[in-house]
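Working notes, beginning with the structure itself.
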Amino acid sequence: MYRFLLVIGILAWFGLTFILGSLAQAQGAPLLLVRFSSVVVVVWLLTGIGFLLLGLLGVIRSRSSSEKWIARFESLSTYLNEGVLICDPRGRVRWNNEAGQDLLTGREVNEQLRTLLERVRESGRIAIQTVSLGEAQRYTVQALQLDRKTYALVCRPLQSGSTQNSFYENFIRRIVHDMRNPLAAIIGHAANMSQGSVEPDSWRKSATTIEAEAQRLSRLVDSILFDARLAYVPLSLGRLDLADLLEEAMFAQDERAAREGKTLAMDAPPGAMPLDGDHDLLVRAFENLVDNSLKYSGANGRVHLHLARQPNAYVVQVVDNGEGIPPEFLPDRVFEPLVRARSHGSGSGLGLSIVRKIIEMHGGTISAQSKVGVGTTMTVSLPIPGAGAAS
């Protein structure tokens, strides 16, 4: 009601201004000289002063109301476990509660969160990403746009005791679920084979299914044991050649690629690529990457390994033209344990998690870039011995 009356009053004032201007023009005198020579002029002047005072009052009331809401919001946010950051599109923080202080670098968010803000700005949608701040600090961050120049980041810690318990409960539940399906298939087909009246074709089909499901169980158990091994078995370091490692990983999948009608290729610069690392673990990591690329590429799939040397690091890219990874799993969630970016397939959800652990154990990094329906690029950076940390 207040705003409606204010708008009506302003319109009336503009009407008086028009009449006043016409009066001044008829008298042939400047407006300032005739301001007290007419009742209309006096009304116009007093009305203008009145609306100025009303405008100031409105600003004061609005600011006071905003400050009260901000104070209430700050009081509420202070007691939340979640960190709350209010920032501009460039990541400059305007306000944060105490729980959000750990995510700040000075008065700005880190590069990962700036990238998250950019995704929200471009898509206009809410975005969620897992952010690592050291070994013991991991957050799920939800970013949303409040208005054209203001964004909110809500950061939920993942390392509390309850969260750890929840993680292991989910881990066991997922493993039990993944084991139950192949076991049910094996039991069902074994029971079918035990019947004497089974036709030869049906018998062979059951035998093939049992073999496939048993291999699936074997791969799952192997992944679980391998993931557990990484937690306590030290690296067996030796001087290696990275190009040889990649060739070994590629050739391990070469026969499969040919059988499925897919192309597997590699290019590398000339000369040795010395690297200090664990041979078996690194071969396993790169073989997992190649296996993933082949698994999710079509009949005309192409997988290309590209090795390059930078001043301080070797960079390996595994590029495919497969189905791609949905954007909600990028850039980090696809590497989380038990996370499957595709609903189909027989993966355990541990493959890329194991790859990241192995690469990080060697002082390197791994990242994923992907577009659905176009393909995926996995980029691994490993430090060159004696040349400093990987860039």
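Conditions (1) at pLDDT below 65; (2) touching a Ser or Thr at 6+ places or on another chain (Cβ under 7 Å), marked per residue:
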{"site": "ARG119", "(1), (2)": "no, no"}
{"site": "ILE128", "(1), (2)": "no, yes"}
{"site": "THR150", "(1), (2)": "no, no"}
{"site": "LEU153", "(1), (2)": "no, no"}
{"site": "GLN159", "(1), (2)": "yes, no"}
{"site": "THR163", "(1), (2)": "yes, no"}
{"site": "ASN170", "(1), (2)": "yes, no"}
- Task: Go through the range 224-269 residue by residue and tally those that are in contact with a helix residue (DSSP H, G or I) (Cβ under 8 Å, 6 or more places away or on another chain) and either at pLDDT below 85 or of a type in the set (Lys, Arg) (or both).
- Result: 7
- Which strands (runs of 3 or more DSSP E) does the range 244-337 wholly contain that include 2 or more residues that are more than 18 Å from GLY363 (Cα to Cα)? 263-267, 302-309, 313-320
- Message: Here is a check on your reading of the model: is ALA389 at pLDDT below 85, assigned to a loop (DSSP other than H, G, I, E, B) and over 24 Å from ILE126 (Cβ atoms)?
- Response: yes
- Query: Taking GLN310, is it touching a residue at least 60 places away in the same chain (Cβ under 8 Å), assigned by TED's automatic domain parsing to the domain that holds LYS357 and closer than 30 Å to PRO234 by Cβ?
  - Reply: yes
- Cβ pairs under 8 Å, 6+ apart or interchain, first in the range 358-380 and at positive phi, second surrounded by fewer than 16 Cβ atoms within 10 Å (Cβ to Cβ), ordered by first then second residue, are GLY363/ALA389
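The values are calculated or read from the model by the stated rules, or taken from the named source; none is laboratory data. Just so you know, these numbers come straight off a predicted model, no measurement behind them. Glycine also receives a Cβ, built like all others from the backbone with ideal geometry; neighbour counts cover every protein chain displayed.
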